[in-house]
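Here's the structure, in structure tokens; my notes come after.
The values are calculated or read from the model by the stated rules, or taken from the named source; none is laboratory data. Worth saying up front: this structure is predicted, and the values here are computed from it rather than measured. Virtual Cβ from ideal backbone geometry, glycine too; neighbours counted across all protein chains shown. When the accessible area is computed, the model is the full protein with side chains, heavy atoms only, and any ligands, DNA or RNA have been set aside. Shrake-Rupley method; radii C 1.70, N 1.55, O 1.52, S 1.80 Å.
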Amino acid sequence: MIEPTVTMPPKRVRRAPVRRPEPPRETVRFPVLAVVFVCAACGLVYELELVALASYLIGDSVTQASVVLSVMVFAMGVGSLLAKRLRCRAAVGFGLVEAGLALVGGCSAMVLYAAFAWLGESRYVLVAFSLAIGVLIGAEIPLLMSLIQRSGRPAEGGERAGRAGRKASLGEQDDAAGTVADLFAADYVGALVGGLAFPFLLLPWLGQLTGALVTGAVNAVAGGGLVLWVFRHDLTARSRALLVAVNVSVLAVLATATVLVDDFEQAARRAVYGESVRVAVHTDLQEVVVTGGVGGPPDLFLDGRLRVAGQDEYRYHEALVHPAMNGPHARVLIVGGGDGMAAREVLRYPGADSVTVVELDPGVVRLARTDPALAALNAQAFRDPRVHVVYADAFRWLRGAAARVQERYDVVISDLPDPGITPSTKLYSEEFYGLVAQMLTPSGRFAVHAGSVTDRPRTYWTVDATLRAAGFATRPYSAGGRTPGFAAGPDRADRAGGTGEGPGDWGFLLAVRAAGPGAPPPPLGLAADAPLLRSLGPGSLEAAARRAERGRGPELPPSTLVHPRYGG
């Protein structure tokens, strides 16, 4: 009997899934490090842009830098934690993070300036951008680390592959440590380049707004190019199309904003200063804006802060200059005063033989000399042969001049911004006043603008304490009649918006070198050859002194270079 033959179906052999080829890890490492370098440079530029613009718009650069840095570092930690959720799709996650960072960072300066111009408040916008940029920067390194660790990894399956995998795992920890070291080295070097490029290249060549937009475009090209080129094998067709569309959209937004940035800046400037802007120039140090002057007195703004209000500047400058001229006044030194108004008042005295003006920004003096409205307001002071202008940092210049015994002055006038504005804090320090004391003759007088007595009494009386600590006897006094509606912060005007009434007075201190403890304060009066003044007289000065003394509080500590005490 023949048994039937049963034919068994052939067994199906499971084949290992075919993996798309991935570039070797060493091939990936160099472009990744290059992109980390570029992205780190861009990230630091965003950070410095926020600090610089916030200091310009809000004031007090120390506070703004502290807010931006602390919030951003905190947000970077948050971003690192959030990046853990994207590790399974690290390539598309990194591409979207870089596109978002390019858009947010590139537009941050423009949005911050818009909030300041049209809303009048930019602090909350500053914090929001610091948070957003910090989160996105913090997500970069973890995602890149994940991509590098996955690149070049052998396919699983098969005994030989398993043995190779086990053998390779012995060095994985060392390799991971080396990868982290490489990433952070590229990150730190990129931050160095970005930090140097911002003040020396981007800011002087492109300005704050355009510089941030161009940085965002570079960021988008670097991040998107890395993912779409090096890690294209990790992307599905849908993810690749998404990244291309997102990056093209970001670049289109940044390019459009770059084209329109000049129109935007003009519109924002009109929103801040009103429609009467006549001159707006960027010097090497600051933005200088002149408004009015056609059928009325001009106003001069430096970095958004009112320095000369043509309507009432004579009250300020007469009170600052003329009490100090009550005595010998052949040689006069003016610290600051690049607008020429203080020099104008000094030159009204026939006995003033020499006037030295120490001004940091040549652009301000150039404008005060050439602009018809400003030159008319300062009575062409800089064309007088008695006036000599020195372009220098006042602190550094005084240190050098103090060594030259022949350079002594009968009168020194400090015509500087309010002491609460951080860049000028060192010029209200005990060390600075010590240098001034060395420049005065034994009978010399020193007049200091010290901010508002009524609006910022702590600042004003700190200046008084600092002068006395430097060896001066002081006489406080103030001048009223300040135009209302001109202040939205320390020494800053907001004529267009009219937000806040601002201080209604100016505070001054007249100082002489004290012979010893308990020396009497200097007399407050006018010189015998004083010209006819519109706002001052012997009676008004005594009233100004009594008005200032009524606000005296408890004794305050002096301000020094290492311990500045002007905060608000």
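Annotations for the structure displayed:
- Qualifying positions in region 55-65 - hydrophobic (A, V, I, L, M, F, W, C) and either surrounded by fewer than 15 Cβ atoms within 10 Å (Cβ to Cβ) or touching a Gly at 6+ places or on another chain (Cβ under 6 Å) (or both): V62
- For region 183-200, taking the residues that are open to solvent by less than 60 Å² (accessible area, probe 1.4 Å) and over 30 Å from L285 (Cβ atoms), the one that is farthest from the chain's Cα centre (by Cα) is identified as L183.
- Residue in region 449-459 that is in contact with a helix residue (DSSP H, G or I) (Cβ under 9 Å, 6 or more places away or on another chain), on the phi > 0 side of the Ramachandran plot and at pLDDT below 70 present: no
- The set of residues from region 340-369 being among the polar types (S, T, N, Q) and open to solvent by less than 20 Å² (accessible area, probe 1.4 Å) comprises just one member, T356.
- Of the listed requirements (1) surrounded by fewer than 22 Cβ atoms within 10 Å (Cβ to Cβ); (2) modelled with pLDDT of 90 or more, V68 misses just one: (1).
- Residues of region 233-250 classified as in contact (Cβ under 8 Å) with a residue 60 or more places away in the chain and either open to solvent by less than 70 Å² (accessible area, probe 1.4 Å) or not hydrophobic (A, V, I, L, M, F, W, C) (or both), total: 8
- Single condition G337 does not satisfy, out of (1) open to solvent by less than 10 Å² (accessible area, probe 1.4 Å); (2) modelled with pLDDT of 95 or more: (2)
- Hey, P31 modelled with pLDDT under 80, of a type outside the set (D, E, K, R) and farther than 30 Å from A267 by Cα or not: no
- The set of residues in region 251-268 that are hydrophobic (A, V, I, L, M, F, W, C) and open to solvent by 20 Å² or more (accessible area, probe 1.4 Å) comprises L251, A252, V253, A255, V259, L260, F264, A267.
- Members of region 517-529 that are open to solvent by 30 Å² or more (accessible area, probe 1.4 Å) and either closer than 12 Å to G471 by Cα or touching a residue at least 12 places away in the same chain (Cβ under 8 Å) (or both): P517, G518, A519, P520, P521, P523, L526, D529
- Taking the numbered list (1) touching a His at 6+ places or on another chain (Cβ under 9 Å); (2) of a type outside the set (D, E); (3) at pLDDT 95 or above in turn, V218 passes all entries but (1).
- All of (1) free of Cβ contacts under 8 Å to residues at least 12 places away in the same chain; (2) open to solvent by less than 10 Å² (accessible area, probe 1.4 Å); (3) of a type in the set (S, T, Y) hold for Y124 with one exception: (2).
- Filtering A352, A343 for residues that are in a loop (DSSP other than H, G, I, E, B) and closer than 13 Å to R386 by Cα leaves a single hit, A352.
- Matching entry among A65, A91, A102 (being in contact with a Leu (Cβ under 6 Å, 6 or more places away or on another chain) and in a helix (DSSP H, G or I)): A91
- Filter pass, V250 being part of a helix (DSSP H, G or I) and over 30 Å from V365 (Cβ atoms): yes
- Residues in region 71-88 that are open to solvent by less than 20 Å² (accessible area, probe 1.4 Å) and either over 20 Å from G216 (Cβ atoms) or outside any helix (DSSP H, G or I) (or both): A83 alone.
- Failed item in (1) at pLDDT 90 or above; (2) open to solvent by 20 Å² or more (accessible area, probe 1.4 Å); (3) closer than 19 Å to P31 by Cβ, with C107 passing the rest: (3)
- A single entry from R305, R278 fulfils the requirement of being touching a Pro at 6+ places or on another chain (Cβ under 9 Å), in contact (Cβ under 8 Å) with a residue 24 or more places away in the chain, basic (K, R) and open to solvent by less than 30 Å² (accessible area, probe 1.4 Å): R305.
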